[in-house]
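Peer 1: My questions will all concern the structure given below.
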Amino acid sequence: MTDPVLALTDARLTLAGNAGPVEILKGITLSVRKGETVGLIGPSGSGKSSLLMLMGGLERATGGQVLALGHDLTAMDEDALARFRRGNMGVVFQSFHLIPTMTALENVALPLELGGAADAFDRAEAELRAVGLGARLHHYPSQMSGGEQQRVALARAAAPRPAILLADEPTGNLDGANGQAIMDLLFGLRDRHGATLVLVTHAPELAARCDRVIRLADGQLAPDMPAHETLAKAAE
C-alpha cells in the first residue's frame with residue numbers, strides 16, 4: 001500500500017479572536033490516497049475551508065502534523081512552503097484571485113515562470129485552450145465573465161501539472177450553467193493530469209462526483225453516515 005498523498009494527524013487550528021482564542025479545527029486525523037477525489041462538506045463555519053488551507057500550507061496548524069507527499073508542512077518556513085506549493089499543488093478559490101493588470105495568458109504563465117519553466121507561455125496557452133479560452137488569451141480579467149475568469153484560475157492551477165489540486169467552493173460565484181461547466185473542467189483536469197483532488201463544496205451534485213465525502217461539524221470530523229444522508233448535508 002502506497003503512502004497517502006495527504007496525511008493529517010490530530011491537526012488543530014486556533015486563531016486569535018476579539019474575545020480570545022478561537023478553536024477552528026479540533027484535532028483532525030485523516031488521509032487522502034493518490035488519485036482520490038475527496039469532497040469536504042458541512043455547514044458554514046464548520047472549518048471546511050480552514051482544513052483545505054491546512055492541506056495546502058496556506059494556514060499553519062497550531063497543533064498536530066500535516067504531511068503532503070511525505071513532507072511535513074508544519075515544519076517548513078514560508079519560503080519553503082511557497083516553493084513546495086509551486087511545484088506540487090494547484091489551488092482554486094471561490095474568488096478567482098487573478099492579477100487584474102495581466103492578461104489570461106500572463107496570469108497562467110506567471111507561476112510557471114516563477115518555477116523556472118522555459119516553456120511557460122507555451123504551457124499556459126495549452127492549458128487555456130484546454131479550458132476553452134483559446135480566443136481569450138490576451139484579454140484582461142475585467143474583459144471576461146465570471147465563468148471565464150474561473151476557467152483562467154483552473155488553467156493556472158493545472159499548468160504546473162501538480163500532484164495535488166485543492167478547490168475551495170470553485171462554483172460558488174457562478175450561475176448553474178457556468179458552475180456545471182467548471183465542475184466538468186475540474187474533473188477533466190484531474191483525469192488528464194492524474195492529480196489528487198480535494199474540494200470544499202455546498203453543492204450536492206458536486207460532492208456526489210467525489211470518491212469520498214467527508215463532513216465537518218464544529219471543527220471536527222462528523223461521524224460516518226449513509227452516503228445519501230451525507231450528500232444531503234451538503235445542501236445545508
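The values are calculated or read from the model by the stated rules, or taken from the named source; none is laboratory data. All of these numbers come straight from a predicted model, not from anything done at the bench. As a convention, Cβ positions derive from the backbone with ideal geometry for all residues, glycine included, and neighbour counts pool all protein chains shown. Surface areas here come from the heavy atoms of the whole protein model, side chains and all, with no ligands, DNA or RNA. Shrake-Rupley method; radii C 1.70, N 1.55, O 1.52, S 1.80 Å.
Peer 1: Among the residues of segment 18-49, which ones are in contact (Cβ under 8 Å) with a residue 40 or more places away in the chain, farther than 13 Å from ARG215 by Cα and either within 16 Å of the chain's Cα centre (by Cα) or not in a strand (DSSP E or B) (or both)?
Peer 2: VAL32, ARG33, LYS34, GLY35, GLU36, THR37
Peer 1: Here is a follow-up. Against the condition modelled with pLDDT under 90, in contact with a Lys or Arg (Cβ under 8 Å, 6 or more places away or on another chain) and surrounded by 14 or more Cβ atoms within 10 Å (Cβ to Cβ), how does ALA109 come out, does it pass?
Peer 2: Working: modelled with pLDDT under 90: no; in contact with a Lys or Arg (Cβ under 8 Å, 6 or more places away or on another chain): yes; surrounded by 14 or more Cβ atoms within 10 Å (Cβ to Cβ): yes.
No.
Peer 1: Any residue that is among the aliphatic types (A, V, I, L, M) and not in a loop (DSSP other than H, G, I, E, B) - is there at least one of those in segment 133-140?
Peer 2: Yes.
Peer 1: Within segment 184-218, restricting attention to residues that are touching a Ser or Thr at 6+ places or on another chain (Cβ under 7 Å) and open to solvent by less than 10 Å² (accessible area, probe 1.4 Å), which residue is farthest from LEU25 (Cα to Cα)? Steps first, please.
Peer 2: Step one: of segment 184-218, the residues touching a Ser or Thr at 6+ places or on another chain (Cβ under 7 Å) are 190, 197, 200, 203, 206-207, 210-211, 213, 215-218.
Filter again for open to solvent by less than 10 Å² (accessible area, probe 1.4 Å), leaving 197, 200, 206-207, 216.
On the way: LEU197: 21, VAL200: 15, LEU206: 24, ALA207: 21, LEU216: 9 Å.
Among those residues, the one meeting the criterion is LEU206.
Peer 1: Determine whether VAL152 is modelled with pLDDT of 85 or more and within 20 Å of GLY45 (Cα to Cα).
Peer 2: Details: modelled with pLDDT of 85 or more: yes; within 20 Å of GLY45 (Cα to Cα): no.
So VAL152 fails the test.
Peer 1: Here's a follow-up. For LEU81, are the conditions met, namely being modelled with pLDDT of 95 or more, open to solvent by less than 50 Å² (accessible area, probe 1.4 Å) and not in a strand (DSSP E or B)? I'd like the intermediate steps shown before the answer.
Peer 2: Working: modelled with pLDDT of 95 or more: no; open to solvent by less than 50 Å² (accessible area, probe 1.4 Å): yes; not in a strand (DSSP E or B): yes.
Here the answer is no, as LEU81 does not meet what is asked.
Peer 1: Taking segment 142-179 only, how many residues are within 18 Å of ASP211 (Cα to Cα) and either among the charged types (D, E, K, R) or open to solvent by 20 Å² or more (accessible area, probe 1.4 Å) (or both)? Please lay out each step first, then the result.
Peer 2: Step one: filter segment 142-179 for residues within 18 Å of ASP211 (Cα to Cα), giving 163-170.
Among the residues that remain, those that are also either among the charged types (D, E, K, R) or open to solvent by 20 Å² or more (accessible area, probe 1.4 Å) (or both) are: 163, 168-169.
Residues that pass the stated criteria total 3.
Peer 1: Okay, next question. What's the number of the only condition in (1) in a helix (DSSP H, G or I); (2) open to solvent by 20 Å² or more (accessible area, probe 1.4 Å) that LEU52 fails to meet?
Peer 2: (2)
Peer 1: Next question. Among the numbered criteria (1) of a type outside the set (D, E, K, R); (2) crowded, with 20+ Cβ neighbours inside 10 Å; (3) at negative phi; (4) at pLDDT 90 or above, which one does THR230 miss?
Peer 2: Single failed check for THR230: (4).
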